[in-house]
Amino acid sequence: MAAERLAEAGLAVTVYDRMPSVGRKLLIAGRGGLNLTHSEPLPRFLGRYGAARRVLAPAVEAWTPNALRAWCAGLGQDTFVGSSGRVFPVAFKATPLLRAWLQRLGRQGVQVRTGWRWTGWDGGALRFATPNGAAEVAADATVLALGGASWPRLGSDGAWTETLQAQGIAVTRLRPANCGFLHPWSPVFRERFAGMPLKRITLTFEGETVAGEAVLTQDGIEGGAIYALSRPLRDAIDREGSATPLLDLRPDLDAAALAARLGGPGQSLANALRKAGLSPAAGGLVREVGGTAPLAQRVKTLPLRLVGTTGLDRAISSAGGIALAELDGAFMLRRRPGVFACGEMLDWEAPTGGYLLQGAFSTGRAAAEGALAWLERAGTIAAAAGSAGPGRAARPAMEMAMVNPSEIIEHMEVVGSDGQHVGTVDNLVIKLTKKDPAAQGQHHLLKMDTVGSVEGGKLKLNIPASEAMQQEQAVG
Ligand SMILES: Cc1cc2nc3c(=O)[nH]c(=O)nc-3n(C[C@H](O)[C@H](O)[C@H](O)COP(=O)(O)OP(=O)(O)OC[C@H]3O[C@@H](n4cnc5c(N)ncnc54)[C@H](O)[C@@H]3O)c2cc1C
């Protein structure tokens, strides 16, 4: 998203990804239909980011869930709102969206280098490990979007944490979010029920109740209802070694109705649970967890002691990352001017429901806006003329692009982003303002090959001023 915004503004952009192809996590998210965002009112939406709301809210307000939906539509992928308020592409997968997006980035001139792993800096230059050995790249601005550390085989392995910490940048430990939890099942239970769903249940922990589904796994439990409470469950386990949410396996029946269904004494437990309409997995769970409370109470408030998380490898997302205090209001690293960061590598977390992708997209967009403003302030690019929509206008001219001007040679063909012929290069020129007292009310052009260096905020030519003035060409 940052690459698109920067390219839209006329900058030369290269995306480096350590994997053989980009967008792998987006594709995996597509397996679940690609829950892009959520349709609930913005104040409620922003509340999902908890303590990080302060930092994420300006980014999401500037590029809202509606902007995300419009962006998808612009890529030919209409979206719809599901019954839960979650927003999905009509195609219900990520492949067409990613394909159309990469095509657009290609048309915008964005270069993509895959198999390039960023390993840090050498002075000001970015250092990479590439298939052809080490490489260094000088960039006028950098946006880091390296993800968290969940599902590391898809690319985001969190190795960057050490690189940034070595620079004195505070990084909060990466921990699983929206993850499964461990419960030591008996071998018999695991053998019979691992992989089976618990449908239409509720889960209560620390006063919060969520409805949904869960799946029994080899070593515990996972699924939507569990993910929704994963933050408090994980924090309690970190604090106290275990967390015990209460499961209601028949939330549609009150205790009295359930007791009536379960029947009186004198029948087998299995029979009673079946009569109460519990699935074999739910019934098995009641028996596995045991307890001495009356049966109806166990079905309605089954205490499930969880002793750990299933780990980052299997978590949907990660909590932790670059401490938010390390960023200025434009998502720039205070300790590394010109370097911006966005997405899951920042220290925020949110439940599933589309808040993760929206947060990653919106902060990517905001980091790009930050980079544009910074490049303008540094004088690297021309200030934008006017404003288009919520963002900044596309730059009409790029006086000092991120291409090395020496690569542009005379008579080189000039083509549009669509590859169509525009003309041939005569000279690269610098256009001097006509407001300058020395300009006598006219614009003047200076050839690019007269540029020596940029020093102390000044463009120093490689010829004396008198010679430059002779060479100058007035253009009205
Ligand atoms: C199974 C699954 C399903 C999900 N479903 C949803 C969903 O439906 N809705 C939702 O909102 N969220 C979902 N998420 C979460 C969402 O996909 C992520 O939060 C989001 O992709 C984060 O975006 P990001 O750009 O910050 O990081 P990523 O998408 O992880 O991208 C980071 C990129 O950086 C690259 N990289 C990392 N380190 C380096 C390096 N040193 N050098 C070069 N490149 C590097 C990686 O290869 C990767 O391509 C899901 C996640 C998973 C695992």
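The values are calculated or read from the model by the stated rules, or taken from the named source; none is laboratory data. Every value quoted in this text rests on a predicted model; they were computed, and no experiment measured them. Cβ coordinates were reconstructed from backbone atoms using ideal geometry, including for glycine residues, and neighbour counts include every protein chain displayed.
Only one of (1) free of Cβ contacts under 8 Å to residues at least 12 places away in the same chain; (2) touching a Ser or Thr at 6+ places or on another chain (Cβ under 9 Å); (3) among the polar types (S, T, N, Q) fails for residue 132. Which number is that?
(2)
Do you know which of the residues in the stretch 248-270 that are part of a helix (DSSP H, G or I) and among the small types (Gly, Ala, Ser) is nearest to the chain's Cα centre (by Cα)?
Checked the stretch 248-270; the qualifying residue nearest to the chain's Cα centre (by Cα) is 255.
Out of 236, 214, report the one residue that is crowded, with 17+ Cβ neighbours inside 10 Å, out of contact with any Gly (no Cβ under 8 Å at 6 or more places or on another chain), closer than 14 Å to residue 179 by Cβ and aliphatic (A, V, I, L, M).
236
Which members of the stretch 140-169 meet the condition of being surrounded by fewer than 23 Cβ atoms within 10 Å (Cβ to Cβ), of a type in the set (A, V, I, L, M, F, W, C) and within 21 Å of residue 223 (Cα to Cα)?
Of everything in the stretch 140-169, those that are surrounded by fewer than 23 Cβ atoms within 10 Å (Cβ to Cβ), of a type in the set (A, V, I, L, M, F, W, C) and within 21 Å of residue 223 (Cα to Cα) turn out to be 151, 154.
Tell me whether the stretch 170-180 contains one or more residues that are surrounded by 17 or more Cβ atoms within 10 Å (Cβ to Cβ), at pLDDT 95 or above and out of contact with any strand residue (DSSP E or B) (no Cβ under 6 Å at 6 or more places or on another chain).
no
Only residues that are more than 18 Å from residue 298 (Cα to Cα) and either among the charged types (D, E, K, R) or in contact (Cβ under 8 Å) with a residue 60 or more places away in the chain (or both): list them for the stretch 200-212, please.
206, 208
Yes or no: the stretch 213-232 includes at least one residue that is under 18 Å from residue 251 (Cβ atoms) and touching a His at 6+ places or on another chain (Cβ under 7 Å).
Yes, the stretch 213-232 has at least one match.
In the stretch 297-309, is there at least one residue being modelled with pLDDT of 95 or more, within 16 Å of the ligand (Cβ to nearest atom), closer than 23 Å to residue 203 by Cβ and touching a Phe, Trp or Tyr at 6+ places or on another chain (Cβ under 8 Å)?
yes
Mind listing just one residue for me: the one in the stretch 71-107 that is among the charged types (D, E, K, R) and in a loop (DSSP other than H, G, I, E, B) and, of those, surrounded by the most Cβ atoms within 10 Å (Cβ to Cβ)?
Among those that are among the charged types (D, E, K, R) and in a loop (DSSP other than H, G, I, E, B), it is 93.
Could you give me the residue pairs with C-beta distances under 9 Å whose first residue belongs to the stretch 146-162 and is among the acidic types (Asp, Glu), whose second residue is near the ligand (Cβ under 6 Å from one of its atoms) wherever it lies, and which are 6+ apart or on separate chains?
From residues that are among the acidic types (Asp, Glu), the pairs are 157/18; 157/146; 157/147.
Just a yes or no: is a residue in the stretch 417-429 surrounded by 10 or more Cβ atoms within 10 Å (Cβ to Cβ), hydroxyl-bearing (Ser, Thr, Tyr) and at pLDDT 65 or above?
Looking for residues that are surrounded by 10 or more Cβ atoms within 10 Å (Cβ to Cβ), hydroxyl-bearing (Ser, Thr, Tyr) and at pLDDT 65 or above, one finds at least one in the stretch 417-429, hence yes.
Consider the stretch 443-476. How many of its residues are of a type outside the set (Asp, Glu), exposed (fewer than 13 other Cβ atoms within 10 Å of the Cβ) and modelled with pLDDT of 70 or more?
Counting residues in the stretch 443-476 that are of a type outside the set (Asp, Glu), exposed (fewer than 13 other Cβ atoms within 10 Å of the Cβ) and modelled with pLDDT of 70 or more gives 7.
I need the full set of residues from the stretch 70-101 which are among the polar types (S, T, N, Q) and in contact with a helix residue (DSSP H, G or I) (Cβ under 9 Å, 6 or more places away or on another chain), in order please.
Passing the criteria: 77, 79, 95.
So residue 271 fits all but one of (1) modelled with pLDDT of 95 or more; (2) out of contact with any helix residue (DSSP H, G or I) (no Cβ under 7 Å at 6 or more places or on another chain); what number is the exception?
Just one mismatch for residue 271, condition (1).
Among (1) in contact (Cβ under 8 Å) with a residue 12 or more places away in the chain; (2) assigned to a loop (DSSP other than H, G, I, E, B), there is one condition residue 356 misses while meeting the rest; what is its number?
If we test residue 356 against (1) in contact (Cβ under 8 Å) with a residue 12 or more places away in the chain; (2) assigned to a loop (DSSP other than H, G, I, E, B), just (2) comes out false.
Just the residues that are more than 12 Å from the ligand (Cβ to nearest atom), among the aliphatic types (A, V, I, L, M) and surrounded by 23 or more Cβ atoms within 10 Å (Cβ to Cβ), please, taken from the stretch 340-374.
366, 368, 371, 372 - these are the residues of the stretch 340-374 that are more than 12 Å from the ligand (Cβ to nearest atom), among the aliphatic types (A, V, I, L, M) and surrounded by 23 or more Cβ atoms within 10 Å (Cβ to Cβ).
Applying the selection to the stretch 219-233, what residues are in a strand (DSSP E or B) and touching a Pro at 6+ places or on another chain (Cβ under 9 Å)?
Across the stretch 219-233, the qualifying residue is only 220.
Looking at the stretch 234-244, can you tell me whether even one residue there is assigned to a loop (DSSP other than H, G, I, E, B), over 28 Å from the mean Cα position of the chain (by Cα) and on the phi > 0 side of the Ramachandran plot?
yes
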